[in-house]
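Written out below as structure tokens is the structure these notes cover.
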């Protein structure tokens, strides 16, 4: 407890919660709508000019994000208690009108029709496994089915005349992307590609993010009349394109490219011109409300681009291009925060594993090895609250991008698939051994959320003597109960990545489930979960806590992670106290 007692408590209090500004949505009148948790949980705000105090558009108890401006009002998405069962509604004249009423159904891929009066979307009636593809009329809420092909499908883009759509079946890493006709007919796009994500359907073709048989994701056009081949590449590099947004007049594309620890945002025009957006080193935010492409948006006239941009020392705020003018001021953090250093180490089989290292000081000290979720994830140069909180009490944080991480090509991402899963766990243990061997750490703790929670439990059983503490947040303890207790729509997504618990991988999944070796764990363990988690059932944390005698924290109003500001403070304070006690 010495480190905690000697720390700057005022500084720590300012680090315990994080407010962000996300999902920019510029309005025709020049104002900016966006989502922020500045008042506790995510709500919709409107700001009239850069730096001004934003106004709360509608106060509600649900998490709410702005989605699209329509003739009927502001289309918003909302969920309850972090359950990610997204519902739709309209805000107009200060009043909220629900559009959907099936509170067990997710409403996904909501895409405004060219006429602005309806949306294409997918939904799963009653919470069923299979998604229905169809449309919803904004004036009435009437929903019309187009198809139910089986599996988890998402509506991505309307054809320019609004008669067809580009839709995608998500299957973990891989996808099946098709043209959908109103009669339910499906025509496959780029069947030889592992992944295809439609961005927009323009007169010149369907703009997609795809590997196209390559190791990295690029940006390309597909001719709908010749759906089996790329018409032309716009970006074809050894970096992943993470997201893209086309302006209203289809003259320019804002593209986000993963260039390692940081993103670049590039403006492409269809004459071949390219301009880089100049911002401090950072990344475009992605979160449970949407991927990278959801958090940048063009103004109605196409003259300005708004970006939710996050830096290692500053949570997401919204910036405007041309230039780099900052619009929002959501956080009030202390000075002297830690910038990450890129690092790497050699794993058990010679594989070089990249990592980020947040060092409070250069002398050997207690270090948290923190694992990202996913497994299709990557530690990058965004704001990581734990790194700054732990750094404030002199604890270093080392973040390995173990095999299976994204950002390094599909071959690297596939190195942990199914029966290769435990090799990534070995990478995690090698991270701690590297830190101790090189004199960088004298004590090590494992920590992670979601799949990172599984990694935490797994390294604790793989080498119990290596670790001095562990923090498992919304992690997986038993792969069979994980699949048995999750919502059916989640199962169809995860089985392709992790393996079939009732198929060929059944015995392997049992072998790698930490619950069956929980008696080996020697390090003190803190386990945390949200009651409403739709991705990892809360039973996973309950059973590992029972098996190990670990301290268990359950937040009744949270889902897959700790989002509400008050809960962040409670969570972060307890984790800090726990680690200070066991690493001091």
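FYI, it's all coordinate maths here, none of it is from the lab. The structure displayed is predicted, hence computed values, not measured ones. Ideal geometry is used to build each Cβ from the backbone, glycine not excepted, and the neighbour counts take in all protein chains shown.
General remarks:
- Gyration tensor (alpha-carbon) shape descriptor, segment 18-112, a/c threshold 1.5: oblate
- Degrees separating the helix 565-583 axis from the principal Cα axis of the chain, which is the longest one: 30
- Estimated 222 nm signal from helices in the chain, with DSSP H stretches of n ≥ 4 weighted -39500 (n - 2.57), rounded to 500: -5000 deg cm²/dmol
- Label sites at residue 53 and residue 68, each approximated as a point 7 angstrom past Cα along Cα to Cβ, lie 3.4 nm apart.
- Based on Cα contacts under 8 Å between residues 6+ apart, segment 357-583 shows a relative contact order of 18 percent.
- Full-stretch length increase - residue 581, residue 511 - with 0.36 nm per residue and alpha-carbon distance subtracted: 22.0 nm
- The angle separating the long axis of helix 421-437 from the principal Cα axis of greatest extent in the chain is about 50 degrees.
- Nitroxide proxy distance, nm - points 7 Å out along Cα→Cβ at residue 140 and residue 496: 3.5
- Inter-part distance where segment 524-584 and segment 259-278 are each reduced to a Cα centre, Å: 40
- Note on residue 181 and residue 557: the extension gain reaches 131.3 nm, defined as 0.36 nm multiplied by sequence separation minus the Cα-Cα distance.
- When DSSP beta bridges are restricted to pairs lying wholly in segment 357-583, around 10% turn out antiparallel.
- Using a Förster distance of 22 Å, the FRET efficiency for residue 341-residue 361 (Cβ separation, nearest 0.05): 0.95
- Semi-axes of the equivalent ellipsoid for the chain, Cα gyration tensor, largest first, Å: 37, 27, 24
- Expressed to the nearest 5 percent, the antiparallel share of DSSP beta bridges inside the chain is 85 percent.
- Crossing angle, helix 539-548 versus the chain [Cα axis fit, 0-90 degrees, rounded to tens]: 0
- Separation of alpha-carbon centers, segment 472-515 and segment 26-75, rounded to whole Å: 38
- Here the calculated FRET efficiency for residue 348 and residue 233, from their Cβ-Cβ distance with R0 = 56 Å, stands at 0.90, rounded to the nearest 0.05.
- Alpha-carbon centroid distance for the pair segment 415-439 / segment 166-194, whole angstrom: 35
- Computed from the C-beta positions of residue 191 and residue 419 and an R0 of 35 Å, the FRET efficiency is 0.85 to the nearest 0.05.
- In nm, spacing of pseudo-spin labels at residue 465 and residue 565 (7 Å Cα→C-beta vector): 4.8
- Out of every Cα-Cα pair that segment 357-583 contains, those further apart than 28 angstrom amount to 24 percent.
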